[in-house]
Amino acid sequence: MADTVLYEVSDALATITLNRPGAMNALDTVTKEALRDAVEEAAADAAVRAVLLTGAGERAFCVGQDLKEHVATLAADAGPDAGEVMGTVRDHYNPIVRALTGMAKPVVAGVNGVAAGAGFGFALAADVRVVADTASFTTAFAGVALSADSGISWTLPRVVGPGRAADLLFLPRSIEAAEAYELGIASRVVPAGELAAEARRVARELAQGPTLAYAALKESLAFAQAHDLPATLEQEDRLQRRAGASRDHRIAVDAFVHKTRPRFLGR
């Protein structure tokens, strides 16, 4: 894996760090490929029960596409099929977002600085966003005459509502951490100096939790966004039966009866 993305697994937690702090963790091709591979590896690894996605440095979580590389790519491909330079959406962004949202384990984004464009999209693809009080978010796309990608046209309206999403996409601006919390973009906001420790604490707590229940909750929430109440009730029944048959459910009930703290196994 390229050194622009760091990957570490410890105590059932996979930590993925975008590691281009000098470029504000911008996404060049090498980094996109490494991030895609890291997220897919974490999703497939049964020993991983939670994922923490963050950025190196203090300035940025991820500012999206590396525009320096993009300018060079555009210059080399200015013919009638120039739109194919955005094949990165198909080849990189879509697989990354599918893996983040679809993995059967919780994902925490530790947003340490600016999250722009695809960086914002990746943060929204996480289940929980722990945000530094110095961080900010911006959609950025319209500012460079592009449409939305990285799933943001699907995730953003579900977080802030369709009206606000349209406003933020058509008229990009910096959303500071306090406003991000009010809009529901940030799950919690902490002092910048405490971001790394708090994001890791939350992710470690999830990594030691009832993994199958988290997977069912994640699946249930995604299903409910695209289905009516009767279908959602049926899906809840199916998922609750599955969770109820898990070893962790029995551990939790036994701990409740004996007034002890459950130690979940993730199965």
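Just so it is clear, none of the values below were taken in a lab; they were calculated from the coordinates. Note that the structure is a prediction, hence the values are computed from the model and not measured. Every residue, glycine as well, gets a Cβ built from its backbone with ideal geometry; the counts of neighbours run over all protein chains shown.
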*If you count the DSSP beta bridges with both ends in the chain, what percent of them are antiparallel, to the nearest 5?*
25 percent
*Lys68 label point, 7 Å along Cα→Cβ, cut-off 16 Å on backbone N: hits in the range 93-118?*
none
*Compare Val253, Val97, Val159 in a GNM of the chain, Cα atoms joined below 10 Å, and give the one with the largest fluctuation.*
Val253
*Determine the shape class of the range 137-267: with a ≥ b ≥ c the square roots of the Cα gyration tensor eigenvalues, call it rounded for a/c under 1.5, and otherwise prolate if a/b is greater than b/c, oblate otherwise.*
oblate
*Comparing Ala145, Ala215, Ala123, which has the greatest mean-square fluctuation in the GNM of the chain with Cα pairs linked when under 10 Å apart?*
Ala145
_Span from the the range 101-138 Cα centroid across to the the range 174-242 one, whole angstrom_ = 12 Å
*Can you put His92, His227, His249 in order of Cβ neighbours within 10 angstrom, beginning with the fewest?*
His227, His249, His92
*Exposure proxy check: Lys218, Lys259 ranked by fewest other beta carbons within 10 Å?*
Lys259, Lys218
*Would you list which lysines come within 16 Å of Lys218, measuring only between C-alpha atoms, while excluding same-chain residues fewer than 8 positions from it?*
Lys105
*Would you please classify the overall shape of the range 211-257 from the alpha carbon gyration tensor, given that a ≥ b ≥ c denote the square roots of the eigenvalues, rounded means a/c under 1.5, and beyond that prolate means a/b larger than b/c while oblate covers the rest?*
prolate
_Helix-derived mean residue ellipticity, 222 nm - over the chain, DSSP H n ≥ 4, -39500 (n - 2.57), to 500_ = -14000 deg cm²/dmol
*asked:* Given the C-alpha atoms of the chain, compute the convex hull and give its volume per residue in Å³.
replied: 141 Å³
*Excluding same-chain residues fewer than 8 positions from Lys68, which lysines have a Cα within less than 16 Å of its Cα?*
Lys32
*asked:* With 10 angstrom as the radius, rank Phe120, Phe141, Phe256 by how many other C-beta atoms surround their C-beta, starting from the fewest.
replied: Phe256, Phe141, Phe120
_In whole Å, what are the extents of the range 152-220 along the principal axes defined by its C-alpha atoms, from largest to smallest?_
41, 34, 15
